[in-house]
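The values are calculated or read from the model by the stated rules, or taken from the named source; none is laboratory data. Owing to the predicted nature of the structure, the values given are computational and were not obtained by experimental measurement. No Cβ is skipped: glycine too gets one built from the backbone with ideal geometry, and neighbour counts run over all protein chains shown. All accessible areas refer to the heavy atoms of the entire protein, side chains included, with ligands and DNA or RNA removed. Shrake-Rupley method; radii C 1.70, N 1.55, O 1.52, S 1.80 Å.
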Amino acid sequence: MLKNSCRIALKELKHWMTPEKVKTSIATFPSSAEIVSEPLGVVLVISAWNYPFLLSLDPVVGAIAAGNAVVLKPSEIAPATSSLLAKLIGDYLDNSCIRVVEGAVDETSALLQQKWDKIFYTGNGRVARIVMAAASKHLTPVVLELGGKSPVVVDSNINLKVATRRIIAGKWGSNNGQACISPDYIITTKDYAPKLVDALKTELEKFYGKNPLESKDLSRVVNSNHFNRLTKLLDDDKVSGKIVYGGQKDENKLKISPTVLLDVPRDSLIMNEEIFGPLLPILTVDKLEESFDVINSGPKPLAAYIFTNNKKLKEQFVMTISAGGLVVNDTTLHLAVHTLPFGGVGESGVGAYHGKFSFEAFSHKKAVLYRKFIGDAPVRYPPYTNTKMRLLKAIIGGGIHGIVRALFGW
């Protein structure tokens, strides 16, 4: 995906940079106008640990394409990748305008005290508030790529096997649930839930075997802190008896098996924070349309998914659910479509990137109006008579009929 971002930027950059010609109004006649993209200046990119190479360099591609100098702060939670990025960027990129700063909280705090022309942060909402507060002191604009509880709505009139496999690929196939757009929970009807659970069990066993903790295709939990956090979610009295599949843990290997929970209470710990791990709760409703109210009762998620063949339900989902991105009959794949903006809304983020949207995230759209010395209208200048005032109002209003009426004193 990172190579693809580079290829797209190289191929499309000339087109992205070309000033955009726009129409002018009669108020500025004769004139021409265009929108010119210019670099913001010096930008800070603070990246995340879960996809530490992609999430570090993908924004940097956009920042370089737009003409900015960049300081990259990789995540200290992925220390091997952080040191590798520092070495490779030092060896291969122009260090006069692209630098890496390694470190943890102290280094990040020191960076945030500086004045930047933009800050691009990928991570969680708690740190995002710190970043935004620091940026506000200098009126620095931000892009915040966050997360949230991304729901999956599952209808009954579907190809259940395909749907189940696609949910598994988006959840456990994407870093064992440690992805910002990973399915966080499922909503389906009470009647259909048993079939869905059976299908998940069957396909999970096909993919990861009878002992998934031994599977080479299942990612570890990133560290012991996150392992303990996920264990706490599972040990909550409200959900510990709701496990219908999985739940095995190996603390030494930092592995937790794919775990499915059924009829989890909405006031439980697991339903009140982003899971970011291999646990998948299933909520049940009487009618599938009720799922939209469940989703909209919480903060706006980074992604939302629905599996259905019902055209009306698809349309209702798209019109009703506010999320960073929606996918119908699949999960997570919108991330790979460079012509779509990738970003959140509300608590799931501010701003977007990928493809041209990365270039625009690090550019200022400068308005430029060109005029000549001919066509200088005396009506602009004092003294202002009633006729001039009528004509000025008509010109600013932009209507030919209004101008004609003003000229005739109507």
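What spacing in nm lies between the two simple spin-label points modelled at V318 and D236, each 7 Å away from Cα in the Cβ direction?
Once both label points are built, they end up 3.4 nm from each other.
Anyone know which of K23, K87, K238 comes out most mobile in the 10 Å Cα GNM of the chain?
Greatest mean-square fluctuation among the candidates belongs to K23.
With everything on Cα atoms, drop me the angle between helix 160-171 and the longest principal axis of the chain, reported from 0 to 90° to the nearest 10.
It works out to around 70 degrees.
So how far, in whole Å, is the C-alpha centre of the range 263-319 from the one of the range 337-403?
Taking the Cα centre of each part, the range 263-319 and the range 337-403 sit 40 Å apart.
I'd like to know which of I130, G402, S297 lies farthest towards the positive end of the charge dipole of the chain, counting +1 on Cβ of Lys and Arg and -1 on Cβ of Asp and Glu.
So the residue we want is G402.
Using Cα-Cα distances under 8 Å and only pairs 6 or more residues apart, what relative contact order does the range 1-141 have, in percent?
So the answer I get is 22 percent.
If you add up the charges near S47, with Lys and Arg at +1 and Asp and Glu at -1, over every other residue whose beta carbon is less than 12 angstrom from its beta carbon, what do you get?
Its environment carries a net charge of -3.
Put a dot 7 Å past each Cα toward the Cβ at S156 and D267; how far apart are the dots in nm?
Reported label-point gap for D267 and S156 is 3.0 nm.
Å³ per residue of the Cα convex hull, for the range 337-378?
About 135 Å³ per residue, rounded to a whole number.
Simple spin-label model, 7 Å along Cα-to-Cβ: V368 to R126 in nm?
With each label placed 7 Å out from Cα toward Cβ, I get 4.7 nm.
Mind ranking 377-387, 258-268, 227-237 by how tightly packed they are, going by the mean number of other C-beta atoms within 10 angstrom, highest first?
258-268, 227-237, 377-387
For the range 272-376, which trypsin sites (Lys or Arg not before Pro) pass both filters: DSSP loop (anything but H, G, I, E, B) and at most 11 other C-beta atoms within 10 Å?
K287, K372
If you fit an axis through the alpha-carbon atoms of helix 79-92 and take the longest principal axis of the Cα set of the chain, what angle between them do you get, 0 to 90°, nearest 10?
Around 40 degrees separate the two axes.
On a straight-distance basis, which lysines could pair with K11 in a cross-link, Cα separation under 19 angstrom, same-chain partners fewer than 8 positions away excluded?
Those lysines meeting the cut-off are K3, K356.
Please report Rg over Rh for the chain, where both radii come from the alpha carbon positions and Rh follows the Kirkwood definition.
1.09
Counting only other residues whose beta carbon sits under 11 Å from that of K365, what net charge do I get with K and R as +1, D and E as -1?
With Lys, Arg at +1 and Asp, Glu at -1, the net is -3.
Could you compute the FRET efficiency for N386 and T18, with r as their C-beta to C-beta distance and R0 at 45 Å, rounded to 0.05?
Using R0 = 45 Å, I get an efficiency of 0.45.
How would you classify the range 260-347 from its alpha-carbon gyration tensor, with a ≥ b ≥ c the square roots of the eigenvalues: rounded for a/c under 1.5, else prolate if a/b is greater than b/c, otherwise oblate?
Judged from the Cα gyration tensor, the range 260-347 comes out oblate (a/c at least 1.5, b/c at or above a/b).
Of P52, I89, G173, which is farthest along the charge dipole of the chain in the positive direction, counting Lys and Arg as +1 and Asp and Glu as -1 at C-beta?
Most positive-ward Cα: I89.
Taking H placed 1.01 Å from N in the peptide plane, check which residues at least 5 places from L261 or on another chain put their amide H under 5 Å from its amide H.
Amide H to amide H, under 5 Å and 5 or more residues apart or across chains, L261 pairs with V244, L280, I282.
To the nearest 500 deg cm²/dmol, what mean residue ellipticity at 222 nm is calculated for the chain from DSSP H runs of n ≥ 4 alone, each contributing -39,500 (n - 2.57), summed and divided by the residues?
-11000 deg cm²/dmol
Please report the equivalent ellipsoid semi-axes of the range 122-258, computed as sqrt(5 x eigenvalue) of the Cα gyration tensor, largest first, in whole Å.
Largest first, the range 122-258 gives 31, 20, 14 Å.
Carbon-plus-sulfur fraction of the accessible area of the chain, 1.4 Å probe, in percent?
Looking at the chain in its full context, I get 57 percent from C and S.
Once the Cβ-Cβ distance between L333 and I396 is put in as r, and R0 is 51 Å, what FRET efficiency do you end up with, to the nearest 0.05?
E between L333 and I396, to the nearest 0.05, is 0.60.
With a Förster radius of 22 Å, plug the Cβ-Cβ distance of E102 and N228 into 1/(1 + (r/R0)^6) and report the FRET value to the nearest 0.05.
Once rounded, the FRET efficiency stands at 0.30.
Mind checking which lysines have their Cα closer than 29 Å to the Cα of K372? Skip sequence neighbours fewer than 8 apart in that chain.
K14, K21, K23, K388, K393
Out of residues 5 or more away from F307 or on other chains, whose amide H comes under 5 Å of its own, with H placed 1.01 Å from N in the peptide plane?
Amide H to amide H, under 5 Å and 5 or more residues apart or across chains, F307 pairs with V153, V154, D155, N329.
Suppose all protein chains stay in the model; what accessible area per residue would a 1.4 Å probe give for the chain, in Å²?
51 Å²
With just the Cα atoms defining each centre, how far is the range 92-145 from the range 168-215? Give it in Å.
After rounding, the separation between the Cα centres reads 35 Å.
In whole Å, what are the extents of the range 1-140 along the principal axes defined by its C-alpha atoms, from largest to smallest?
59, 35, 27 Å, listed from the longest principal axis down.
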